[in-house]
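The block underneath contains the structure these notes are about, expressed in structure tokens.
No value in this document is a laboratory result; all are computed from the given coordinates. All figures in this text were calculated on a predicted structure; none of them were measured in a lab. Here the Cβ positions follow ideal geometry from the backbone for every residue, glycine too, while neighbour counts run over all protein chains shown.
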Amino acid sequence: MKIIVCIKQVPEGLDVKVDPETKRILREGVKSIINPYDLYAIEEGIRLKERFGGETWVISMGPPQAESAIREAISMGIDNGILLSDRKFAGSDTLATSYTLSLAIKKIGDFDIIICGRETLDGSTGQVGPGIAEHLGITYITYVSKIVDIKENEFECVRLMEDHYEVIKTKLPVLITVTKEINVPRIPSLKNMIRAKKIEIPIWKAENLGGDESLFGQDGSPTRVIDVWTQTIKKEGRKIEGEPELLAEEILNELKKIGVL
Amino acid sequence: MGIKIIYEKCNLCKKCIERCPFGAIEIKDNKIVITEKCNLCGLCVKICSEKALIKEEKEKAVINLSQYRGIWFFAETRHGEIAPVSYEMLNAAKKLKVKLNEEICGVCFGENIKEKVKTLLKKGANKVYVIDDAVFCEFKEEIYSKAMSYLIMKYKPNIVIAAATMIGRSFIPSVAVKVKTGLTADCTDVDIDEKTGLLIQTRPTFGGNLMAKIICEKHRPQMATIRPKIFEPAEDEEDVKGEIIEEKIEFEIEDRINICGREKIENVVDLQEAEIIVSGGRGLKDGKNFDIIKELADLLNGAVGASRAAVDSGWISYPHQVGQTGKTVKPKIYIACGISGAIQHLAGMQTSDYIIAINKDPDAPIFKVANLGVVGDLFEVIPILIKKIKEQGGK
């Protein structure tokens with residue numbers, strides 16, 4: 001079985017600091033990490049290999065430094081990694097990103113399962129996973145919380161919806177996006193860390209992927225950001241202290257004032 | 001493609017460096033350089049007073065945009081009924097119509113849904129395209145996506161909006177790929193640019209700390225998912241004269257998904273629809289203490305939420321989690337009990353209409369977003385509150 005995990009490198013944390021005078025976002029010293037949701041995707045890929053055998057791949061599209069994210073995935077236990085990096089990919093929105101990743105997946109070929117995180121920490125669109133599946137023309141299931149079994153080419157999983165879980169069966173190949181419920185990501189082992197350090201990570205550029213170059217990067221992206229600004233929500237709140245009885249009374253009065261009681 | 005620098009014009013004023021949100025512009029050897037961090041957003045081009053920066057764009061085969069007309073919204077159904085969030089989408093469409101003056105069309109899929117969509121007309125839709133078929137009785141991405149893109153290609157709408165619920169977020173992305181257009185996720189506002197007539201889509205990134213305005217100039221339809229609870233549900237209108245257009249499945253469907261079981265989640269955790277949410281965090285100290293949270297929520301007719309700390313401790317299941325890695329909610333009232341307010345949690349609830357926080361620590365960050373901050377022990381305050389509400393006869 002061939003398992004391909006798609007990951008993204010993102011800046012750590014949500015605390016976007018802004019210079020109050022220039023309004024510029026300060027990124028100095030902000031560490032780059034694997035998108036936290038993708039850690040569950042990586043872990044599930046490794047577990048599937050442990051349960052059912054096969055080989056695992058990790059791919060990522062990003063600037064050259066995203067190579068470190070791939071090495072980190074390998075240090076957790078993924079077998080192979082490929083970085084998609086080219087200036088031609090810059091400015092990609094979710095349509096161009098999913099197209100580019102789908103070309104790389106086709107190039108790797110003979111895949112059975114593609115795993116993505118539910119969304120990313122920075123953009124949080126959740127659109128790239130379904131987009132890849134659509135480009136590949138394969139089935140996809142979002143918000144998967146458990147992989148029950150894989151027999152022959154029948155795939156069974158549990159997925160989370162708004163107010164219920166569903167047990168779903170489908171045929172391979174399939175793309176899934178996973179939630180944090182699915183597993184607890186492992187700590188890299190020493191052995192894999194050494195392997196991750198030594199392994200060669202091929203870099204695929206636009207010319208390596210084939211496909212229609214006009215669909216890469218900014219040219220292939222229908223959406224365009226026209227403005228960005230930072231926002232901090234601050235409420236004109238009041239703080240109360242005192243005896244529990246009084247505090248409870250105050251909350252009650254507030255609920256009445258809003259009209260819930 | 002890319003940002004071009006005309007060095008003869010550049011006076012090294014550094015305004016572009018300051019404006020760049022991605023830190024992609026640097027000075028090397030007394031010259032401006034654009035690094036690989038560049039996202040091609042073009043803000044540097046706008047700010048440069050010397051016109052030393054130019055955005056190069058390739059000419060694309062332009063599709064005939066004028067043939068795309070109409071503001072469409074997807075009317076989501078759940079368990080055979082039109083979901084309340086659908087009326088919010090209708091209201092968003094009504095807002096757009098004020099400036100765009102194109103007709104509002106609902107799209108609804110379901111089984112035995114034909115009669116039910118009349119409420120959409122009553123609330124202001126000019127048309128509703130409905131496919132009433134048993135294949136839609138369960139939500140399946142592939143079938144929904146196929147049906148939606150079939151209708152889009154047939155009728156060519158200008159704008160398509162849908163709720164950013166699990167259903168919307170699951171199938172709309174593949175619709176956008178099928179019809180080869182742009183899609184903006186999780187918008188917190190949509191508007192029409194009066195000059196260009198384009199859809200201005202505003203969305204949060206970085207958990208709401210950074211906002212972005214996005215447009216889709218040369219592709220149609222312009223598509224966006226919109227967060228629940230941003231728009232009020234549409235009201236009934238006096239003059240009702242819309243029409244229902246019944247469509248049939250005249251396209252091939254591949255039904256590769258077999259839903260063979262269902263499990264309800266306790267305490268109705270449709271957090272995105274809830275008007276009132278009572279959430280518990282680390283301060284509860286133990287899973288069984290969630291009982292008082294549940295009791296308070298029940299009394300107020302609300303849903304139960306939780307912080308990541310509470311979920312990771314195994315006190316309550318993941319579907320209850322509010323925050324960056326859980327759900328983003330916007331209820332009328334959010335009551336945070338024993339939640340310190342890590343930025344990831346705030347990202348998921350800070351836009352709630354009214355926030356009450358109960359915490360022992362007067363310096364807890366949750367108080368920064370609270371309308372009413374209660375410094376006290378939740379184990380003392382909540383039982384008294386519960387007693388008082390009961391004395392009132394509950395909600």
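Volume per residue for segment A:196-261 equals 330 cubic angstrom (convex hull of Cα atoms).
Over segment B:2-56, the pair-distance histogram of Cα-Cα distances with 5 Å bins from zero comes to 4, 23, 38, 27, 8 percent, rounded to whole numbers.
In the protein assembly as shown, Rg over Rh equals 0.96, where Rg is the alpha-carbon radius of gyration and Rh the Kirkwood radius from pairwise Cα distances. Could you tell me what percent of the DSSP beta bridges with both partners in chain A are antiparallel, to the nearest 5? Looking only at bridges with both residues in chain A, the antiparallel portion is about 40 percent.
Helical content alone sets the calculated 222 nm signal of chain B at -7000 deg cm²/dmol, taking -39,500 (n - 2.57) per DSSP H segment of four or more residues and averaging over every residue. Here the calculated FRET efficiency for A:Ile240 and B:Glu263, from their Cβ-Cβ distance with R0 = 45 Å, stands at 0.60, rounded to the nearest 0.05. Expressed to the nearest 5 percent, the antiparallel share of DSSP beta bridges inside segment B:65-246 is 30 percent.
Within the straight-line cut-off of under 19 Å between alpha carbons, the aspartates and glutamates reachable from B:Lys46 are A:Glu21, A:Asp227, B:Glu8, B:Glu18, B:Glu26, B:Glu56, B:Glu57, B:Asp193, B:Glu217, sequence neighbours fewer than 8 places apart in one chain being disregarded.
Taking every C-alpha pair closer than 8 Å and separated by at least 6 residues, the mean separation divided by the residue count of segment B:61-122 gives a relative contact order of 40 percent.
Of the beta bridges in the protein assembly as shown, as assigned by DSSP with both residues counted there, near 40 percent are antiparallel.
Bridgeable lysines around B:Lys51 (alpha carbons under 17 Å apart, same-chain partners fewer than 8 residues away excluded): B:Lys4, B:Lys9, B:Lys14, B:Lys15, B:Lys31.
Taking A:Glu162, A:Glu134, A:Glu152 as the candidate residues, the one with maximal mean-square fluctuation in a Gaussian network model of chain A, Cα springs under 10 Å, is A:Glu162. For the residues B:Val375, B:Val45, B:Val85, a GNM of chain B with alpha-carbon springs under 10 Å puts the largest fluctuation on B:Val45.
Averaging 1/r over every pair of different alpha carbons in chain B and inverting the result gives a Kirkwood radius of 23.7 Å. Restriction of the trypsin sites (Lys or Arg not before Pro) in segment A:209-259 to DSSP coil positions whose beta-carbon has at most 14 other beta-carbons within 10 angstrom yields A:Lys234.
Summary value for chain B: 11 percent relative contact order, contacts being C-alpha pairs under 8 angstrom separated by 6+ residues. For the residue pairs B:Lys294/B:Lys360; A:Lys197/B:Lys37; B:Lys140/B:Lys248; B:Lys95/B:Lys195, the alpha carbons lie more than 23 Å apart in A:Lys197/B:Lys37.
Restricting the trypsin sites (Lys or Arg not before Pro) of segment A:26-74 to loop positions (DSSP other than H, G, I, E, B) with no more than 16 neighbouring Cβ atoms within 10 Å leaves A:Arg27, A:Lys31. Shape summary of chain A, radius of gyration then Dmax from alpha carbon positions: 22.0, 71 Å.
Starting from a Cα-only point model with no solvent, please compute log10 I(q)/I(0) by Debye for segment B:65-246 at q = 0.09, 0.13, 0.17 1/Å. Listed by q, the Debye log ratios stand at -0.27, -0.58, -1.05. At a Cα cut-off below 13 Å, give the aspartates and glutamates reachable from A:Lys235, other chains included and same-chain residues fewer than 8 away excluded. Reachable aspartates and glutamates: B:Asp353. Between B:Gly106, B:Gly373, B:Gly323, the residue with the greatest mean-square fluctuation in the GNM of chain B (Cα pairs under 10 Å linked by springs) is B:Gly373. Here, segment B:259-331 yields an orientationally averaged convex hull projection of 5.3 nm² when only Cα atoms define the hull. Here the simple spin-label model places points 7 Å from the Cα toward Cβ, and for A:Ser214 and B:Glu232 these points are separated by 4.7 nm. Approximating the spin labels as points 7 Å out from Cα along Cα→Cβ, the B:Glu246-to-A:Leu172 distance works out to 4.4 nm. Please label the shape of segment B:276-392 as rounded, prolate or oblate, based on the square roots a ≥ b ≥ c of the eigenvalues of the alpha-carbon gyration tensor (a/c under 1.5 means rounded; beyond that, a/b larger than b/c means prolate, else oblate). Since a/c stays below 1.5, the shape of segment B:276-392 is classed as rounded.
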